[in-house]
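Report on one structure; see the data block that follows.
The values are calculated or read from the model by the stated rules, or taken from the named source; none is laboratory data. Values in this document were obtained by computation on a predicted structure and should not be read as measured data. Backbone-built Cβ (ideal geometry, glycine too); neighbour counts: all protein chains shown. Quick note on the areas: whole protein, heavy atoms, side chains included, nothing else; ligands and nucleic acids left out. Shrake-Rupley method; radii C 1.70, N 1.55, O 1.52, S 1.80 Å.
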Amino acid sequence: MSVLMGSEELLERVESALSDYTPRKIEHPSAAAAAVLILLHPLEGEPHVIFTERANHVEHHKGQMSFPGGACDDVDDCGETTALRETWEEIGIEKGHVRLIGTLDDMVTISNFRVTPFVGILEFEQAYPFTINDHEVTKVVEIPLSFLMEEGNMELEVREHQGREVLVPDFSYGGHRIWGATARMLHQLVELLR
């Protein structure tokens, strides 16, 4: 599927798809609650998805590509507050620059977090002045949404999960590999847009 549309049209398509979608909630009492932000940045005439490359000394998912986010604090409402707070703490995006537009399905990760993925638009059309917290993140990587939507740019890998083989999505861009829970969340967003 070739994706040739302008930034505004593609962002409207994302908003429409999410407004018609009811996310699946998971009850998993033994998993720690967490939230991430899948942030779309209208840059250079098209939306880009913002990823972070996690530092090698963090507790979970060292060196992996991920969305900004993390575990809920006691003071959070464990939803959008967590996603926005973590995005500010990790890469310095002010919550006033983010417009939340929807939520994807909850997901339980292998590190035993129940993650709620929020989707938002970064209302800042130039290069953003990220402030990277180098205790958690080594860099910010922005990937065009149109690239991620191209069918040939996603591969399915066979993995073993709870004693059976399953197919899991995997994306590569500019030497960066997106896999695991991040790729599964991204895959769900892409499928909603198709």
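From Arg114, Arg184, which residue is assigned to a helix (DSSP H, G or I) and charged (D, E, K, R)? Just one listed residue meets the conditions, Arg184. Ile91 falls short on exactly one of the conditions (1) in contact with a helix residue (DSSP H, G or I) (Cβ under 7 Å, 6 or more places away or on another chain); (2) of a type in the set (A, V, I, L, M, F, W, C); (3) closer than 21 Å to Ala34 by Cβ; (4) open to solvent by less than 20 Å² (accessible area, probe 1.4 Å), and that condition is (1). Checking each residue in segment 123-168 for being in a loop (DSSP other than H, G, I, E, B), closer than 29 Å to Val98 by Cβ and either polar (S, T, N, Q) or open to solvent by 90 Å² or more (accessible area, probe 1.4 Å) (or both) picks out Glu123, Glu125, Gln126, Thr131, Asn133, Asp134, His135.
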